[in-house]
1. Can you pull the semi-axes for region 57-142, root of five times each eigenvalue of the Cα gyration tensor, sorted largest first, whole Å?
2. For region 81-192, what's the relative contact order in percent, using C-alpha pairs closer than 8 Å and at least 6 residues apart?
3. Explain nothing, just the number: relative contact order of region 57-142, from Cα pairs under 8 Å at least 6 residues apart, as a whole percent.
4. Which length gain, in nm to one decimal place, applies between residue 92 and residue 105 when the Cα-Cα distance is subtracted from 0.36 nm times their residue separation?
């Protein structure tokens with residue numbers, strides 16, 4: 001969740017006129033120093049606790065039965081975590097998603113509607129009271145919030161890769177680990 005994307009972007013002087021996300025910056029910008037600088041600035045915005053709140057879930061798919069709908073489970077856990085976060089902050093949350101697949105849109109809208117009406121599933125299911133309305137969607141190139149979320153997700157995937165990284169990506173991971181607090185612990189399910 002971002003309180004003021006425009007203010008944060010302007011404060012950090014990020015030179016993105018169009019789409020500004022992690023993978024896009026690596027592909028579109030030919031100058032490695034500029035790419036690195038843009039991503040460092042994006043991650044500095046994400047690192048600001050007064051401007052950006054991060055809510056994430058991580059599932060170990062290898063430990064989940066093949067019959068389980070993993071994407072549906074991830075959405076449910078994400079909605080639970082966002083609801084918990086909003087409750088702790090004594091506020092409400094509105095979900096915004098990247099409009100890239102009609103089936104994902106329908107699934108998210110139906111899932112949130114079901115969870116708001118009858119609670120989430122499984123033994124520790126709960127009522128969803130602080131996530132309001134429905135899931136709203138936009139194409140990421142129209143939304144700085146979604147672009148920031150894309151950059152964050154890209155970074156998390158980069159940080160958890162086990163294959164060797166290119167030099168620029170290694171430098172970026174090192175910067176994030178030494179200069180930010182972005183790599184905070186996630187709820188990891190199922191546990192050991």
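What follows draws every value from the coordinates through simple rules; no lab data is involved. What you see is a predicted model, and the numbers here were worked out from it, not measured in a lab.
1. After scaling each eigenvalue by five and taking roots: 20, 19, 12 Å.
2. 25 percent
3. Normalised by residue count, the contact order of region 57-142 is 35 percent.
4. Fully extending the segment from residue 92 to residue 105 adds 2.6 nm.
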